[in-house]
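Every read-out reported here was derived from the displayed coordinates using simple, explicitly stated rules and does not represent laboratory data. Quick caveat: nothing in here was measured; it's all calculated off a predicted structure. FYI the Cβ positions are ideal-geometry reconstructions off the backbone, even for glycines, and counts take in every protein chain you see.
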Amino acid sequence: MMIKREPILAAIFVCGLFACCGCNAPIPNDVPSGKIAVVLTFDDGPIGEEVSASDILKNDSENKEVFLKPLNRILDTLANHNAQAVFYILGPGNTAPTDELKRLYAKGIESIHQRGHILGYHAYSHDFMIWTSLLNIPSIGKTEMFADLLRLKNFIDDVMNIIGAKQSDYFTKIFRQPYGGMGKGWIEGENVSFWLGWTYHGFDIDSGDWIGTNVHTKFNRNLNGFADERKHTNYVIERIRKGASKWSKAKVVDILFHVNSFTSNHLDEWMGEIKSSFELASGRDVLFVVPDSYLRISDPVTDESVSTDMAVSFVEDLIGR
Ligand SMILES: [Zn+2]
């Protein structure tokens, strides 16, 4: 089931709390007629959540840049398609932010920036308890989210010192909440994003590329037979086709991907599928660009259908179908 949160209601809610936020401004027509803009978004980089920061620190190898391999391959694929994308950056979470780790982040962030992509904010810690507001106490939820994002900003400042540049020269004030703000967490996440002056984004299509790529979701991979990589990539393709049909009238469509090795292996094929599916469904040419309106106008719409699929499979498995 696709859950569409009403942006207008959200705007009323936010503006009700904070006057004159300007979020009812009309969306400018910055996508040429006859075109549809597909914004490819990559969460959890530059290293990717499948590798924990502690894994990096434990690794004795001289060449720590091996941990940027998925990112670099994704950047190469985007360049081959002449595409601009958005990367929502994740901090090191519970692992100590050593100089070694900061240097790796600096390399990754520098590569993303130099290749013309947009850098945005995700979280310092990808903690379910913070980002889905399980405690259901809005004031505490917001305080924790705010603290996490300030920590991320401070960490990025340290990383930028290594590059010798300012954060504001590299980063755009856009934010994606971990887990897409599942549950009630998105309302708090959107508030906090507004306090920081950031544009808030959910996603229109969840590609499902995250299934099984981190410790929390590995069980899903086996459960759905996605340990067979072909089966998993077919599922992503099916998601793209369904999404193209659902969003065929849109001007701008945001597709959620992640920095991980699975995605880096298959992105080229998926971009071909996005192009053909969207062109067929919309009758327009696909542009892999990030329109100015995307950067300036918050949109909390989040596709939670993959998470719902996963939950249903889990329950079916428990009760033996
Ligand atoms: Zn994430």
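Under the rule a/c < 1.5 gives rounded, and otherwise a/b versus b/c splits prolate from oblate, where does region 32-318 land using the Cα gyration tensor? Note, shape of region 32-318 comes out rounded.
Order these peptides, 121-131, 163-173, 286-296, by their mean beta-carbon neighbour count within 10 angstrom, highest first.
Going from most to least packed, we get 121-131, 286-296, 163-173.
For K35, a cut-off of 30 angstrom between C-alpha atoms picks up these lysines, skipping any fewer than 8 places away in its own chain: K4, K173, K242, K246, K249, K251, K275. In a simple Cβ point-charge model (Lys, Arg +1; Asp, Glu -1; nothing else charged), region 32-318 has a dipole of about 620 debye relative to its Cα centre. Averaged over residues, the count of other Cβ atoms within 10 Å places the peptides 31-39, 188-196, 305-313 in the sequence 188-196, 31-39, 305-313, highest first. Long-range amide H contacts for Y88: which residues qualify at under 5 Å (H placed 1.01 Å from N, peptide plane, sequence gap of 5 or more or a different chain)? Excluding prolines and chain starts, which carry no amide H, the hits are F42, D43, D44, G45, G120. Potential lengthening of the chain between K166 and F128 amounts to 10.7 nm, from the contour at 0.36 nm per residue minus the alpha-carbon distance. For I36, the residues 5 or more places off, or on other chains, whose built amide H falls under 5 Å of its own are D285, V286, L287. 3J(HN,Hα) couplings calculated from phi for region 158-172 with the Karplus curve 6.51 cos²θ - 1.76 cosθ + 1.60 (θ = phi - 60°) are, in sequence order, 4, 5, 5, 4, 5, 6, x, 9, 8, 4, 5, 6, 9, 9, 9 Hz; Gly and Pro show x. Site pair F146 and K69 shows an inter-label distance of 4.3 nm when each label is modelled 7 Å from Cα along Cα→Cβ. In terms of packing, defined here as the mean over residues of other Cβ atoms within 10 angstrom, the peptides 226-238, 142-154 line up highest first as 142-154, 226-238.
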